[in-house]
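Scroll down for the structure; my scribbles are underneath it.
What follows is calculated from the coordinates using simple rules that are stated; it is not laboratory data. All values reported here derive from a predicted model rather than from experimental measurement. Cβ coordinates were reconstructed from backbone atoms using ideal geometry, including for glycine residues, and neighbour counts include every protein chain displayed.
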Amino acid sequence: MSDAVTVPLLDLKAQYDTIRAEITEVVNEVIESQWFIMGPQVKALEEEIAQYCSTRFAVGCASGSDALMLALMAIGVGAGDEVICPSYTFFATGGMIHRLGATPLFADIDPVTYNMDVASVHDLAGRAKNLKAIMPVHLFGQALEKDAYLALGSELGVPIIEDAAQALGSEDTTGARAGSWGDVGCFSFFPSKNLGAFGDGGICTTNDEAHGDLLGILRLHGGRPKYYHQIVGVNSRLDALHAAVLRVKLKYLDGWTAGRQANAAWYDRAFAEHGATTSAVGLDEGGFPLRTPEPAGGAARHIYNQYVIRVPSAIRDALREELKAKGVGTEVYYPVPLHLQECFADLGGRTGDLPHTERAAAETLALPIYPELTEQQKRHVVDTVVAFVGKKAAVSAG
Ligand SMILES: Cc1ncc(COP(=O)(O)O)c(C=O)c1O
């Protein structure tokens, strides 16, 4: 019976079914207005996102990748500069630094939270020749600690760009929202994000008026007034249709996040009943060889863009195959750390450079966590994972 249950990694149709009428109405309004570029929908979304993130300004753009690029351009990163970022992240984090002619310096992660490790940043900064900025990532929706990073930024004397692409609405232990405290915060509206557009989209947030103004010019080819260019920018606008869709969805975001958090707590409990511990306990320390995400501490708010478990690298890919055979979608975020990507080979990264990053890339697996999951689906995921991991653990113990 339970084998007939299927659980995709993400089911956007389930979400769409609940808001179809509202979406149809606003999409029709935009079509009737024939105002597709910039305009009132984009402006209203920018105001609403700034309010949601507790920032003074928000500037829409064409993708989360472009948000990173525009932020780097706004703080003046260019050829010859160095920017520290994690290696364990989506490609765009390092890719955008490289694209501007700067050099990404890849830091290791904290193996418990998977976020960039402050000590590793210190180490890299000590060896950097022309450090221009640091760009940490709020990975999987788990917020970075604002105070630790602000102290680090002022100690190193460089601005901070928050890659908050996966973390809209997440908060650290002091209640600081992701994207609210760096020089610029960057978000993605890729459809798999907690707030996803019907295509690509992104936004930058900032409290600095000059940065906000510059970001607004840079996304319009650098022209102001139109056709007069003191600087060279790019074409990176958020479409009015996306903005209209996102404004409808934003009203539901906190409810969807609560659903993800409830699912994460459900998984945590169910896996713990079978002997799993959190990622605070190393796999080497023994016990049932399954680690769940360490829940956010204190008042922090993890928004669970991803729910990522950890198992021994020897069984990770086989577990993925087993889940696929049982109808469960999963993903590996991310199988190849940035310091080992072929396109960055000339930066000299070697296997063994960043041990926590490399282990995470080999041991982690993201499970379905979207808010519409049913109890039967969650039970099927847990039963399949536990049966497979338990069987493998028994074999290796025997
Ligand atoms: C950490 C991180 N940074 C940047 C991006 C880039 O966002 P986009 O796909 O909207 O360009 C993503 C999106 O997947 C991401 O997860």
* By how many degrees, between 0 and 90 and to the nearest 10, does the Cα long axis of helix 118-127 differ from the longest principal axis of the chain? -> 60
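Taking a ≥ b ≥ c as the square roots of the Cα gyration tensor eigenvalues, with a/c under 1.5 meaning rounded and otherwise prolate when a/b beats b/c, else oblate, which class fits the chain?
It comes out oblate by the Cα gyration axes.
I need Ser188, Ser33 ordered by Cβ neighbour count within 10 Å, fewest first.
On the way: Ser188 29, Ser33 13.
Result, fewest neighbours first: Ser33, Ser188.
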* Structure fact -> Relative to the chain, whose Cα atoms define the longest principal axis, helix 240-250 and its Cα axis are tilted in degrees, nearest 10, by 50
* Asked: Relative contact order for the chain: what is it in percent, counting Cα pairs under 8 Å that are at least 6 residues apart?
  -> 21
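Only counting other Cβ atoms within 10 Å, I'd like Thr205, Thr330, Thr374 sorted with the fewest neighbours first.
Placing the least packed residue first, the sequence is Thr374, Thr330, Thr205.
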* Please identify, among Leu290, Leu45, Leu253, the residue showing maximal mean-square fluctuation in a Gaussian network model of the chain using a 10 angstrom Cα cutoff. => Leu253
* At a Förster radius of 56 Å, what calculated FRET efficiency corresponds to the Cβ-Cβ distance of Ala79 and Glu273, to the nearest 0.05? -> 0.55
* What net charge do the residues around Ser54 carry, taking every other residue with its C-beta under 11 Å from that of Ser54, with Lys and Arg at +1 and Asp and Glu at -1? -> +1
* Ignoring the sites themselves, what is the longest stretch of the chain with no trypsin sites (Lys or Arg not before Pro) in a DSSP loop and at most 15 other beta-carbon atoms within 10 Å? -> 252-349
* To do: Can you give me the P(r) profile for segment 171-215? Cα pairs, bins 10 angstrom wide beginning at 0, each as a whole percent.
  => 26, 41, 32, 1
* Distance in nm between pseudo-label sites at Leu150 and Gln51 (7 Å out along the Cβ direction from Cα) -> 2.4
* In nm, spacing of pseudo-spin labels at Thr351 and Glu321 (7 Å Cα→C-beta vector) -> 2.0
* Structure fact -> Across 10 Å bins beginning at 0, the whole-percent shares of Cα-Cα pair distances in segment 1-155 come to 9, 26, 30, 20, 13, 2, 0
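Counting other beta carbons within 10 Å of each Cβ, put Glu47, Glu342, Glu363, Glu375 in order, fewest first.
Glu342, Glu375, Glu47, Glu363
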* Nearest 10 degrees, 0 to 90: helix 64-74 Cα axis against the chain principal axis -> 50
